[in-house]
Amino acid sequence: MDALRQLQDALLTNQSHRLFVTRSVLCATFSGVCTLIHRKKSSEIEHIAASCEIVFAVQQKLEALIAPGVSTLELDQVAETEIRALGAVPAFKGYHGFPYSICASVNAAIVHGFPDETPLQKGDIVSIDVGACLDGYYGDGAFTVAVGAISAQAQHLINGTLDCLARGIDQARPGGRLSDISHAIQRHAESQGLAVVREYGGHGIGRELHESPYIENYGSPGKGPLLKPGHVFCIEPILCLGNPQIDHFDDWTTLTSDRSLAAHAEHTVAITEDGPRILTLPAVPA
Ligand code: MG
């Protein structure tokens, strides 16, 4: 685990898109250098779930506020206030120097966008990523929504990204392999005419915001570590309508190279004996 941490730290420190563990870590993971995935005890999962409840509550609040004329900087301030009011700490703020409490990525911005004062406009789509840390455990989730009326293509992208997330989550079951999640996401994305942005993927989570394994959003099924109860993963398809090549806009933000729209959806998910339990959604009464 120490070797993994050192590898991740080295990569995260030296790469410009640092909120997500990158492909290099993945290659190390699948090549067997670091395949140890921490299995959480049920008490730990409840701690993560408590952080995820805060993430969900903040997301609900932000989603209700998103409208033409609202700036993402206002959303960031609401998010920070709310996370702290609920007793947690914004997980992203200060993470490898990230200066805000949320990532806000508008239109062609893929991930890690800085909130700013630009008012959202009717027809935009905006991805909001929220992370919270409560009592030393992290929760992480993202969603993409329309600002007012949007094009049919933009809605197709948002819906397709959510469907990919659902299909990826459905593979998070004991006995499966890690790349079953990856494959389900890619297969559905491409069946819908959507492209996977390959530079980003999901990750383990717990006492660290980003833990092993890295979870690609593409690939063949049946590969990688066996999925087991106690694994807690952030599954997060990141798709676009056009060419999935990326441009670096600043140290953090990336844009699609053809400026086509991009969308991001993420849940924190615990693998249980009975299948996936989505921690960043309220529990459904039995
Ligand atoms: Mg994440």
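Since every read-out is calculated from the coordinates, none of them should be taken as a lab result. Note that this is a predicted model, so its numbers are computed, not measured. Don't worry about glycine lacking a Cβ; one is built from the backbone with ideal geometry, like all the others, and counts go over all protein chains shown.
For the chain, the longest stretch holding no GluC sites (Glu not before Pro) located in a DSSP loop with at most 11 other Cβ atoms within 10 Å is which? The segment 118-272 is the longest one with no such site. Please compute the contact order of the chain in relative form: average sequence separation of alpha-carbon pairs under 8 Å and at least six residues apart, divided by the residue count, as a percent. About 23 percent, as a whole number.
Using 5 Å bins from zero, what percent of all Cα-Cα pairs in the stretch 172-251 falls into each bin? Spelled out per bin, shortest first, that is 3, 16, 23, 23, 17, 11, 6, 2, 0. Working from Cα pairs under 8 Å separated by at least six residues, relative contact order for the stretch 143-281 is 28 percent. With a/c under 1.5 counting as rounded, go ahead and sort the chain into rounded, prolate or oblate using the C-alpha gyration tensor (a ≥ b ≥ c being the square roots of the eigenvalues; past the cut-off, prolate if a/b is larger than b/c, else oblate). Since a/c stays below 1.5, the shape of the chain is classed as rounded.
So, R0 is 30 Å and r is the distance between the beta-carbons of GLN155 and GLU208; what FRET efficiency does that work out to, to 0.05? Rounded to the nearest 0.05, the efficiency is 0.30. Which residues does the label zone of GLN60 cover in the stretch 124-139, counting backbone N under 20 Å from a point 7 Å along Cα→Cβ? Backbone N within reach: 128-134, 139.
Subtract the Cα-Cα distance of SER42 and GLN245 from 0.36 nm times their separation in residues, and report this length gain in nm to one decimal.
Fully extending the segment from SER42 to GLN245 adds 69.1 nm.
Placing unit charges on the Cβ atoms of the charged side chains and taking the dipole of the stretch 114-222 about its Cα centre, the candidate lying farthest along the positive direction among GLY168, ILE128, ILE150 is GLY168. Summing +1 for each Lys or Arg and -1 for each Asp or Glu among the other residues whose beta-carbon sits under 12 angstrom from that of VAL78 gives -3.
Spin-label model, ASP116/LEU162: points 7 Å from Cα along the beta carbon direction are separated by 2.8 nm. Computed from backbone phi, the HN-Hα couplings of the stretch 127-139 come to 9, 10, 10, 10, x, 9, 10, 10, 6, x, 10, 9, x Hz, rounded to whole numbers (Karplus: 6.51 cos²θ - 1.76 cosθ + 1.60, θ = phi - 60°; Gly and Pro given as x).
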